[in-house]
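To keep things clear, I will list the structure first and then write my remarks on it.
The values are calculated or read from the model by the stated rules, or taken from the named source; none is laboratory data. As the structure is a prediction and not an experimental result, all values here were calculated from the model. Please note: Cβ atoms are built from the backbone with ideal geometry, for glycine as well, and neighbour counts cover all protein chains shown.
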Amino acid sequence: MDRSSLLQLIQEQLDPENTGFIGADTFTGLVHSHELPLDPAKLDMLVALAQSNERGQISSKRSSSFKRAIANGQRALPQDGLLDEPGLGVYKRFVRYVAYEILPREVDRHWYFYRHRSCPPPVFMASVTLAQIIVFLCYGARLNKWVLQTYHPEYMKSPLVYHPGHRARAWRFLTYMFMHVGLEQLGFNALLQLMIGVPLEMVHGLLRISLLYLAGVLAGSLTVSITDMRAPVVGGSGGVYALCSAHLANVVMNWAGMRCPYKLLRMVLALVCMSSEVGRAVWLRFSPPLPASGPQPSFMAHLAGAVVGVSMGLTILRSYEERLRDQCGWWVVLLAYGTFLLFAIFWNIFAYDLLGAHIPPPP
């Protein structure tokens, strides 16, 4: 029997319908019944990857990992986890740290660690943070004010700030994320974006994390326009809280599998810091320390971002390296978010006039 006939026979036995898939059980049986030139740890990893597919099939999503495993069959994977692998450089140690910070399953950590490439870098969170710092420095130098900038009469005249009197300028519902109350708010947001947002982007990619961040920012301003109709909004807290709450919810949901050190202490500290920031925002909104010409920025963007993170963000983080479009929960969350957007748009068009809301005059 020639080679082509043999291959055709194997295909007819393993994939008679020519779908391009084979069952996970079939794959597992082949792995254990044939002597492949792979070490036992890597065989276990391949089997675990096969069994992790909800359809019970070997899909093409991780086909590159299988090819790489076959091509590098002599390279052993640690039996007890990546933490036991010696001789790593600084960057690979950082990649390993990110894997243990973000991913709850050892098989996903292995796959991420060995397939990770430094290009493209996590540019979204770094670019957003850099832009926020540049904008803050420009306004700080222009206003000669670095704390409580919203009390300066020229601050609210910025075309970036969301103000209820400028609702028709739709870009403000997003661009307010580049403006901040002061150095303390910018520092808090920038620190969390770099410490949590960058590792999340390294693992889950630019598209997913940018979608989550911008969804939190947009939900923040729209929620303020509904619940606190007279207040403006500044700061990227909606997006930051979406990232943080999604990550914390993922840690809680996969508590036993997470291997990040001092996870309980770190979670408590994160919750304390986030709660303190919300408390500070509430204080500035209702008990401003200085006389102001109008209402101070609302704190509702923080809470809206947290809700987006727990709902949409948790769905994204739990679907590591799986197509979101194949996840039923993703469509439910997307439908709910789309419904909220439509409601908020109609609210901003009609509700202010129907309710006779007395909003402060735009600067």
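Residues of the stretch 219-244 being in a helix (DSSP H, G or I) and surrounded by fewer than 24 Cβ atoms within 10 Å (Cβ to Cβ), which ones? Outline the logic, then answer.
Residues of the stretch 219-244 in a helix (DSSP H, G or I): 219-227, 237-244.
Across the stretch 219-244, the qualifying residues are THR223, SER225, ILE226, THR227.
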Kindly indicate whether any position in the stretch 151-169 is in a helix (DSSP H, G or I), buried (at least 20 other Cβ atoms within 10 Å of the Cβ) and in contact with a Gly (Cβ under 8 Å, 6 or more places away or on another chain).
-> yes
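Would you confirm whether any residue within the stretch 114-127 is of a type in the set (Lys, Arg), part of a helix (DSSP H, G or I) and under 30 Å from GLY182 (Cβ atoms)?
Of the residues in the stretch 114-127, the ones of a type in the set (Lys, Arg) are 115, 117.
Retained after the next criterion (residues that are part of a helix (DSSP H, G or I)): 115.
Now restrict to residues that are under 30 Å from GLY182 (Cβ atoms): none.
No, that holds for no residue.
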Of the residues in the stretch 245-262, those that are assigned to a loop (DSSP other than H, G, I, E, B) and more than 20 Å from LEU194 (Cα to Cα) come to ASN254, TRP255, ALA256, GLY257, MET258, ARG259
Residue identified as in a helix (DSSP H, G or I) and modelled with pLDDT of 90 or more among ARG280, ARG266 = ARG280
When every residue in the stretch 328-358 that is of a type in the set (Phe, Trp, Tyr), modelled with pLDDT under 95 and under 30 Å from the mean Cα position of the chain (by Cα) is compared, the one farthest from ILE316 (Cα to Cα) is TRP331
Go through the residues of the stretch 198-219 one by one and say whether even a single one is within 29 Å of PRO361 (Cα to Cα) and among the polar types (S, T, N, Q).
-> no
From the list ARG259, ARG323, ARG266, which residue is within 17 Å of the chain's Cα centre (by Cα), surrounded by fewer than 18 Cβ atoms within 10 Å (Cβ to Cβ) and either aliphatic (A, V, I, L, M) or within 21 Å of ARG109 (Cβ to Cβ) (or both)?
-> ARG323
Taking the stated definitions as given, is GLY313 touching a His at 6+ places or on another chain (Cβ under 9 Å) and either within 21 Å of GLY235 (Cα to Cα) or touching a residue at least 24 places away in the same chain (Cβ under 8 Å) (or both)?
-> yes
